[in-house]
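Heads up: the structure comes next, in structure tokens.
Where a number appears in this text, it was derived from the coordinates with a stated rule and is not lab data. Because the structure is a prediction, the values reported are computed rather than measured. Neighbour counts are summed over all protein chains in view; Cβ atoms, including those assigned to glycine, are modelled from backbone coordinates with ideal geometry.
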Amino acid sequence: MKKFTFRGGVHPYDGKELTENEPVRTLEPGRELAFLLTQHIGAPAVPTVKKGDRVLTGQLLGEAGGFVSARVFSSVSGTVKGIEKRRTAKGDFADAVIVENDFLYESVPFEPLEGMEAYQALFGQMSSSGWYGLHELGTRDAEKVLEAIKPDSHLRDMHPSDVLKRIREAGVVGMGGAGFPTHVKLSPSDPEKIDYVLINGSECEPYVTCDYRLMCERPGELIAGLKAVLKLFGDVQGIFCIEDNKPEAIEILRKALRREEHIYVAPCRTKYPEGAERSLIKAITHRDVNSKMLPADAGCIVVNVSTAYAIFEAVFLGKPDYKRLMTVSGDAIASPGNFLVPTGMYYSEVIQRAGGFLQPPEKLIAGGPMMGFAQGGMDSVTTKTSSALTAFSLDIVSREKETPCINCGRCADACPAHLVPSHLAGMVERHELDQFEENYGMECVNCGSCSWSCPAKRPLAALITQGRQTILARKRKAMK
Ligand code: SF4
Ligand code: SF4
């Protein structure tokens, strides 16, 4: 079987056995939820509600604040307590709409496409918490699901602009972590140039398995979501890109796609950071994307698996993006698993309702250990991009002692961007930012592979990120 791959990368312990066989469970939200107005890249959403307003599940809380922006919705019914600052996963503060949950889960009416009753009937009635099928995300028969959704006949009758409109109105953003508004990503300047739509099911980040569970448990919906994207670009190839450490997902999707002519599964060799957009495009198409390009410039649209699911819900069910699958894992978690969580839920409540800590963690990370953000507390909240919370009993990294570089070259071998991290980090330490730029420092994708592979424990990725951020800040200042 052909397997796709890229040059560079590393093989960290992936910890996926802790959660990969855990079917998705539902987490009920607590009394207070905080909906950040910056759950995406771009302009913050503009609040559409005020203190004292009653809101329903799925109600708009914030309108997109510009073209590159996205709408924000409530995941519960209740009363708006105000607009207040709340901590983001990155540690800074941003405006959030605070809603007191009334636990009634009264919902705004969604606008599914005509004939979606057959799909909804597969799940019975909505659960008491107001979600479709949330109460039992069991493995589904993809053929039966697709028969009920009828994506081909629905999409045949739709204009591409209607598909895009439903995605924009539902506030869908890239749920793999970047949070780029999906309607913008799906509107490239030259749509004719697109010949690949890649559904990113690599999930190379250690410990995270929520995309894997989604591929195993909702393959029919993911295929329908991909078909909605393909509608925007005509006769192009749709590819599910999945690392070969997920044979069950590969098998389920292959079986479901056996009669499709333009959609197939590409198994990728398991290697971090396979799921980084540039690595994935290189592996599948052999095309290069640099920091001045978008994937669309290389003829590719890359959509994360969770985003494809949100696209399905937006286009076919008319349902806004206000919940997501999340992995809660690590050796400090009592009962690691995958959960369907509402946006706006405090990390402390997520952990507590997922079963709590086995022991107090020395390190809590929003996301996975390679690209996630270390947390100083548990007062941040879930957003559309919250893929994981990972808690470790020991903070091994902080115990490591840095020693001088021994010129072994491992960091350069590991770098998927073909950089020499040891040199770039030295340039940042010496404040040689012009040389840093001349040596392609801006091409770093911040994957951390260099730091992970360094026997001298040099904080290479952190230094290179610092260099990139200083240069970007300098450029922003010059443009003012
Ligand atoms: S230099 Fe950047 S892209 Fe290269 S390995 Fe380090 S973090 Fe990854
Ligand atoms: S991996 Fe570490 S020790 Fe080896 S060359 Fe790079 S910075 Fe130096």
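Laid out as a table, the results:
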| quantity | calculated |
| --- | --- |
| All lysines inside 28 Å of LYS51 as judged from Cα atoms, apart from same-chain residues fewer than 8 positions distant | LYS81, LYS85, LYS90, LYS319, LYS323, LYS384 |
| Pairs of Cα atoms farther than 14 Å apart, the stretch 214-276, % | 57 |
| Share of pairwise Cα separations in the chain, more than 33 Å, in percent | 36 |
| Helix-derived mean residue ellipticity, 222 nm - over the chain, DSSP H n ≥ 4, -39500 (n - 2.57), to 500 | -7500 deg cm²/dmol |
| Cα pair distances exceeding 24 angstrom across the stretch 295-450, given as percent | 53 |
| Share, in percent, of DSSP beta bridges within the chain that are antiparallel, nearest 5 | 60 |
| Ranking of TYR264, TYR346 by count of other Cβ atoms within 10 Å, fewest first | TYR264, TYR346 |
| Rg(Cα)/(2.2 N^0.38 Å) for the stretch 61-126, N = residue count | 1.51 |
| Rh (Kirkwood; distinct C-alpha pairs) - the stretch 1-115, Å | 17.1 |
| Neighbourhood charge, 15 Å Cβ-Cβ cut-off, centred on SER422 and excluding it, Lys, Arg +1 and Asp, Glu -1 | 0 |
| Proxy reagent accessibility, fewest Cβ within 10 Å first, across TYR207, TYR272 | TYR272, TYR207 |
| Net +/- balance of residues flanking LEU27 in space, Cβ distance below 10 Å, scoring K and R +1, D and E -1 | +1 |
| Estimated inter-spin distance, GLU111 and ASN21, nm [label 7 Å along Cα→Cβ] | 4.6 |
| Isotropic mean projected area of the C-alpha convex hull, the stretch 378-424 (nm²) | 6.0 |
| Contact order relative to length of the stretch 328-408, as percent, for alpha carbon pairs under 8 angstrom and 6 or more apart | 36 |
| Whichever aspartates and glutamates have a C-alpha closer than 20 Å to that of LYS144, once near sequence neighbours (fewer than 8 apart) are set aside | GLU114, GLU117, GLU136, ASP152, GLU217, GLU221, GLU248, GLU251, GLU260, GLU261, GLU313 |
| Kirkwood Rh in Å, taken over all unlike Cα pairs in the stretch 410-479 | 11.9 |
| For the stretch 250-323 and the stretch 52-128, distance of Cα centres in Å | 26 |
| Vicinal HN-Hα couplings computed from phi for the stretch 464-480 (Karplus, 6.51 cos²θ - 1.76 cosθ + 1.60; Hz; Gly/Pro x) | 5, 4, 4, x, 5, 5, 5, 5, 4, 5, 4, 5, 4, 5, 5, 7, 6 |
| The stretch 177-309 shape via C-alpha gyration tensor axes, a/c threshold 1.5 | oblate |
| For the chain: relative contact order, % (alpha-carbon pairs under 8 angstrom, 6 or more apart) | 19 |
| Convex hull projection area averaged over all views, the stretch 342-399, Cα basis, nm² | 4.0 |
| Summed residue charge, Cβ within 15 Å of ASN446's Cβ, Lys/Arg positive, Asp/Glu negative | 0 |
| Quarter of the Cα convex hull surface for the stretch 255-380, i.e. its orientation-mean projected area (nm²) | 11.0 |
| Point-charge dipole on Cβ atoms (K/R +1, D/E -1) for the stretch 410-479, about Cα centre, debye to 20 | 300 |
